[in-house]
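Here is the structure we will look at, set down as structure tokens.
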Amino acid sequence: MSHSFDEISAQLKRRHRKSARLKWMSMASLGIALLFLVVFFADMLNKGLPAFQQAYVQVEVDYNEDAETMGRAALDPEIASLVSRSFERLIPGMIRDDADLLGTTETRWVLTNSQVDQYLKGHRNELSDDEKAAIDERVEDGQVDMKFNTTFFSQGDSKMAERAGIMAAAVGTIMTMLVTLAVSFPIGVMTAIYLEEFAPDNRFTQAIEININNLAAIPSILFGLLGLAVFINFFGVPRSSPLVGGLTLALMTLPVIIISTRAALRSVPDSIRQGAFAVGCSRWQVVRDHVLPLALPGIMTGSIIGLAQAMGETAPLIIVGMVAFIPDVSASFTEAATVLPAQVFTWAGEPERAFVEKTAGGILVLLAVLIFMNATAVMLRKKFERRW
Amino acid sequence: MNSQVAEREMTSMTSQRTGQPVTRNEQVGHDLSVRVRDLSLWYGEHQALHNVNIDIYQKNVTALIGPSGCGKSTFLRCLNRMNDLIRNVRIQGRVEMDGRDVNEPKMDEVALRRRVGMVFQKPNPFPKSIFENVAYAPRMHDLVSRKADQDELVERSLRDAGLWEEVKDKLHQPGTSLSGGQQQRLCIARAIAVQPDVILMDEPTSALDPISTATIEDLMDKLKKQFTIVTVTHNMQQAARVADYTAFFHLGEIIEYNDTKTMFSNPHTKKAEDYITGRFG
Ligand SMILES: Nc1ncnc2c1ncn2[C@@H]1O[C@H](COP(=O)(O)OP(=O)(O)O)[C@@H](O)[C@H]1O
Ligand SMILES: [Mg+2]
């Protein structure tokens, strides 16, 4: 018996309704997710952008003999209460380094202390009404102003919020990531090549495979414990150093790189391998000349994503001592260092109000770097995407 | 025990490369290229080849026909040991070239594949330039060292594959940019660039249009002056057109092996006749 279109349509109605409902539900979920994202970014930008501005005051610096021992003596006492102590402390050194300076005066813009800065940004502060009035007056005169905060990018951590910057942490991150990459990339890629192209399919390799997949799901703090036990206690790698941090994060990144490299190798069609074998390539030649070049974009993409993951990691680094007060850029891989997320974590624990914006500012920088890396990964994948 | 047999036969049969006589099909004067004796093959528990015996003659086209799944590709892969790449394969019996068993432990499969090239069902040029596709293998095998030699070899191989005129102006474009039929001829050029003795073709035209198919059939006819060709085909007319010898496979056995004329005009077995006349398969 055949059915008319109307009969069939009537039957289909319920199905269509269901799929419409499902569509709306998934769109609503997407909307909620987007909303969270927008709120998060708006909040971070709102809190963090002020960190890129800092209050500066124009002062007359009098390089007199007293200032050689006590920097404060170089400043007009009235204005000295506005200036960051970090500048006062620099003066004796400046005179010592440059003998000609003694006896001269100079007008320059210097950092104010964080109280002034916070006041000008409209945040809570401990200034008295008189002090506030004095500042307002100088703002009128153009002697106090907000400027782009180069200190934030050129200095390491400091107990004085106006002087605290991300430089030391950024360098620490770069050094740590170099170690991580140098260790996990070759080992990960070679392991994946072995497992995918050479290893026999037996219990042993299956067990390894399962374990690697599990490794990627282990809470990251455990890698910190492992790093502490193996690298610091057993091999004696210096605590808090980019070396130990990088090695620890390499443990974490390794499974990500192995898994993504294997996926990239597997996506190279077998017909290419067959063709290469058929002209008399050895297994290694097949891999080196034919499979790897095709898998490389995928490998790079996976490695960048793995590295970005490691870059945002704090927990394992707490265990190996990289969450610390590091005012200076570390000069070697074995010196104490910190990394961006650890710096953010340290600032987040500071009681002073001025550190709130440092925290958010640090997060913005970290996010910018991570977004850049992930965008690079996506672009690599898009550019080299192939259809077979 | 097997190795003893190998020793003995190796001394009794001598290499055609050293100029000494090898077994001939005396009736027609064809020299032996590959001799297969009692070849059986298992994929795990599943036996795909049963006691295959066949003598493949030099500078002839031998066609393998039979219903799909009967083991033609499997047999073809035994000749250049491509089955090594498949897990859980067990092989018994002998595949002899120049009197040596290709499966013997001393045999280097890379050396074997230099002498036995292969063309696949779906054209699979390397995702490199047309030039590189051809030049890669000779360079890898150190057949050419000077740039000029390499250029010359590439041109000669492409000419022999009937592709030169079409690609000579775009040698540095990717091989994958060619049409399907051109790609397949590029794969043939790639195979002949290392000057093999035997070229295996596994349904080389089944992914191609009729015109490209005809081109490749003509090409096979030319190439057999230099090479021994073993080809699998689904197409009876193709076998009848291009092959000198035809082997009919069924369920992993060779039911009949004959010169093509006899096979198609007067098959000796009922099964082969039924298959050829289209009664099954
Ligand atoms: N890689 C493999 N693993 C397991 N079985 C296979 C494999 N390749 C082929 N076979 C089996 O071996 C038999 C012969 O296959 P094949 O040689 O491809 O046949 P043909 O080429 O004649 O169509 C079939 O039953 C097929 O299922
Ligand atoms: Mg087949």
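The values are calculated or read from the model by the stated rules, or taken from the named source; none is laboratory data. What you see is a predicted model; the values in this text were computed from it and never measured. Glycine gets a Cβ as well: all are built from the backbone with ideal geometry, and neighbour counts include every protein chain shown.
Structural remarks
- Test: residue in region A:371-382 that is surrounded by 15 or more Cβ atoms within 10 Å (Cβ to Cβ), basic (Lys, Arg) and in contact with a Phe, Trp or Tyr (Cβ under 9 Å, 6 or more places away or on another chain): no
- Applying the criterion of at least 1 residues that are without any contact (Cβ under 8 Å) to a residue 60 or more places away in the chain and touching a helix residue (DSSP H, G or I) at 6+ places or on another chain (Cβ under 6 Å) to the strands (runs of 3 or more DSSP E) found wholly in region B:198-281 leaves B:253-259.
- Each residue in region B:81-106 was checked for being more than 8 Å from every other protein chain (Cβ to nearest Cβ), surrounded by fewer than 17 Cβ atoms within 10 Å (Cβ to Cβ) and part of a helix (DSSP H, G or I), and 1 pass.
- Test: residue in region A:192-203 that is within 22 Å of the chain's Cα centre (by Cα) and crowded, with 21+ Cβ neighbours inside 10 Å: no
- Taking the listed residues A:306, A:298, A:321, the one that is within 31 Å of the chain's Cα centre (by Cα) and closer than 27 Å to residue A:158 by Cα is A:321, with no other qualifying.
- Of all residues making up region B:197-226, the number that are crowded, with 24+ Cβ neighbours inside 10 Å and under 21 Å from residue B:110 (Cα atoms): 3
- The number of residues in region A:351-380 that are farther than 25 Å from residue A:161 by Cα and charged (D, E, K, R) comes to 0.
- Exactly one residue among B:93, B:29, B:69, B:99 is in contact with a helix residue (DSSP H, G or I) (Cβ under 6 Å, 6 or more places away or on another chain) and among the small types (Gly, Ala, Ser), and that residue is B:99.
- Selection count, region B:88-99, where residues are at negative phi and more than 18 Å from the chain's Cα centre (by Cα): 4
- Residue check, residue B:31 within 14 Å of another protein chain (Cβ to nearest Cβ), more than 10 Å from ligand 1 (Cβ to nearest atom) and modelled with pLDDT under 95: no
- If you go through region B:39-54 and pick out every residue that is within 16 Å of residue B:232 (Cα to Cα) and away from ligand 2 (no atom under 16 Å from the Cβ), you end up with 1.
- In the set A:3, A:16, only one residue is outside any helix (DSSP H, G or I) and farther than 28 Å from residue A:360 by Cβ; that residue is A:3.
- Count of region B:81-113 residues which are within 16 Å of ligand 2 (Cβ to nearest atom) and touching a strand residue (DSSP E or B) at 6+ places or on another chain (Cβ under 9 Å): 4
- Some residue of region B:169-185 being at the interface with chain A (Cβ under 10 Å from one of its Cβ atoms), buried (at least 22 other Cβ atoms within 10 Å of the Cβ), under 19 Å from residue B:226 (Cα atoms) and not hydroxyl-bearing (Ser, Thr, Tyr): no
- Residue B:40 vs. criteria in contact with a strand residue (DSSP E or B) (Cβ under 9 Å, 6 or more places away or on another chain), modelled with pLDDT of 95 or more, on the phi < 0 side of the Ramachandran plot and surrounded by fewer than 19 Cβ atoms within 10 Å (Cβ to Cβ): yes
- Scan region A:302-318 for residues that are among the polar types (S, T, N, Q) and over 19 Å from residue A:366 (Cα atoms) and the total you get is 0.
- Close Cβ contacts (under 7 Å, 6 or more residues apart or on different chains) running from residues in region B:77-102 that are in contact (Cβ under 8 Å) with a residue 40 or more places away in the chain and within 16 Å of residue B:48 (Cα to Cα) to residues that are among the small types (Gly, Ala, Ser) and surrounded by fewer than 19 Cβ atoms within 10 Å (Cβ to Cβ) comprise B:88/B:44; B:92/B:40; B:93/B:40.
- Residue match in region A:349-362 (condition: surrounded by fewer than 19 Cβ atoms within 10 Å (Cβ to Cβ) and under 14 Å from residue A:156 (Cβ atoms)): no
- Conditions (1) at pLDDT 90 or above; (2) surrounded by fewer than 16 Cβ atoms within 10 Å (Cβ to Cβ): number failed by residue A:155: (2)
- Pick from region B:64-80, criterion surrounded by 16 or more Cβ atoms within 10 Å (Cβ to Cβ), away from every other protein chain (no Cβ under 13 Å) and not in a helix (DSSP H, G or I), ranking: farthest from ligand 2 (Cβ to nearest atom): B:65
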